[in-house]
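Working notes for the structure below.
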Amino acid sequence: TTSIGVTVTGKISPTGNIQMPDNTGIKLGASDDFTLYHYTSDGTNRIESNTASTMLFQYWNGSAYEVMSKMIPDGAVELYHNGTKKLETTSSGAKTHGTLGVRGAEGAAAILELVSDEGDDHADNWRMVADTDHVLYIQNYAGGGWENNIRAHGNGAVELSYDNVTTFQTATNGAIFYGTEG
């Protein structure tokens, strides 16, 4: 023991929980620059770092550390699935990444799914797909499979579909209607 507490050399190996009272924290680092807090007075629990370093949540998968999330000071928050970046915040909103998770990677569509309600009905499911064929698809799952509602092509052409059948398309000099008027 010391005049300010306890000094331990080596590991602490408790056989039960390490318990601390409410409204206290665990400070780590030579400058107490990383803190885990538990507060009951205002209902807040916090993880804090007073350095400008990136915070990572990762786990050991048996052969390497795999990133689960990354928080960059004054910057993005990134979320990973199986070690691959899938979602990141940007100064203007959010960005989703395709299967390979690497910007500019070939062969990977980026998919953003939107589920309303509890997602218990097929009609609750929508998605936007930025596909590798340079087309943005807006699709619904109302019929039990993904169907196109809108296709926006990289050259500016737009197609509207009803029940997965194109009914309207923009063209260089106007528009093309398919089928009959209803």
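The values are calculated or read from the model by the stated rules, or taken from the named source; none is laboratory data. These figures come from a predicted structure and were not determined experimentally. Ideal geometry is used to build each Cβ from the backbone, glycine not excepted, and the neighbour counts take in all protein chains shown. Just so you know, the surface numbers come from the protein's heavy atoms only, side chains and all, with ligands and any DNA or RNA stripped out. Shrake-Rupley method; radii C 1.70, N 1.55, O 1.52, S 1.80 Å.
The figures follow:
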read-out: Single unsatisfied condition, Thr180 versus (1) closer than 27 Å to Thr96 by Cα; (2) modelled with pLDDT under 90; value: (1)
read-out: Count of the range 140-150 residues which are part of a strand (DSSP E or B) and either open to solvent by less than 50 Å² (accessible area, probe 1.4 Å) or touching a Cys at 6+ places or on another chain (Cβ under 8 Å) (or both); value: 4
read-out: Inter-residue pairs, beta-carbon under 7 Å, first surrounded by 11 or more Cβ atoms within 10 Å (Cβ to Cβ) and in the range 72-90, second of a type in the set (Phe, Trp, Tyr) and modelled with pLDDT of 85 or more, 6+ apart; value: Lys86/Tyr80
read-out: Tally, over the range 37-52, of residues that are surrounded by 12 or more Cβ atoms within 10 Å (Cβ to Cβ) and under 24 Å from the mean Cα position of the chain (by Cα); value: 3
read-out: Residue check for Ala105: open to solvent by less than 40 Å² (accessible area, probe 1.4 Å), hydrophobic (A, V, I, L, M, F, W, C), at pLDDT below 90 and within 30 Å of Ile176 (Cβ to Cβ); value: no
read-out: Residue identified as over 30 Å from Tyr65 (Cβ atoms), modelled with pLDDT under 85 and not basic (Lys, Arg) among Asp124, Asp117; value: Asp117
read-out: Odd one out for Asp133, checked against (1) in contact (Cβ under 8 Å) with a residue 12 or more places away in the chain; (2) under 19 Å from His97 (Cα atoms); (3) not small (Gly, Ala, Ser); value: (1)
read-out: Residues that are closer than 24 Å to Thr7 by Cβ and hydrophobic (A, V, I, L, M, F, W, C), drawn from the range 21-53; value: Ile26, Leu28, Ala30, Phe34, Leu36
read-out: Residue match in the range 113-120 (condition: open to solvent by less than 50 Å² (accessible area, probe 1.4 Å) and either in contact with a Pro (Cβ under 8 Å, 6 or more places away or on another chain) or of a type in the set (A, V, I, L, M, F, W, C) (or both)); value: no
read-out: Hits in the range 156-171 (condition: part of a strand (DSSP E or B) and not polar (S, T, N, Q)); value: Val158, Glu159, Leu160, Tyr162, Val165, Phe168, Ala171
read-out: Selected residue (only one of Ser3, Ser41 is free of Cβ contacts under 8 Å to residues at least 12 places away in the same chain and either out of contact with any Leu (no Cβ under 6 Å at 6 or more places or on another chain) or within 30 Å of Pro73 (Cβ to Cβ) (or both)); value: Ser3
read-out: Breaking point among (1) modelled with pLDDT of 85 or more; (2) touching a helix residue (DSSP H, G or I) at 6+ places or on another chain (Cβ under 9 Å), for Tyr137; value: (2)
read-out: Subset of the range 8-18 (residues that are within 17 Å of Ala30 (Cα to Cα) and open to solvent by less than 100 Å² (accessible area, probe 1.4 Å)); value: Val8, Gly10
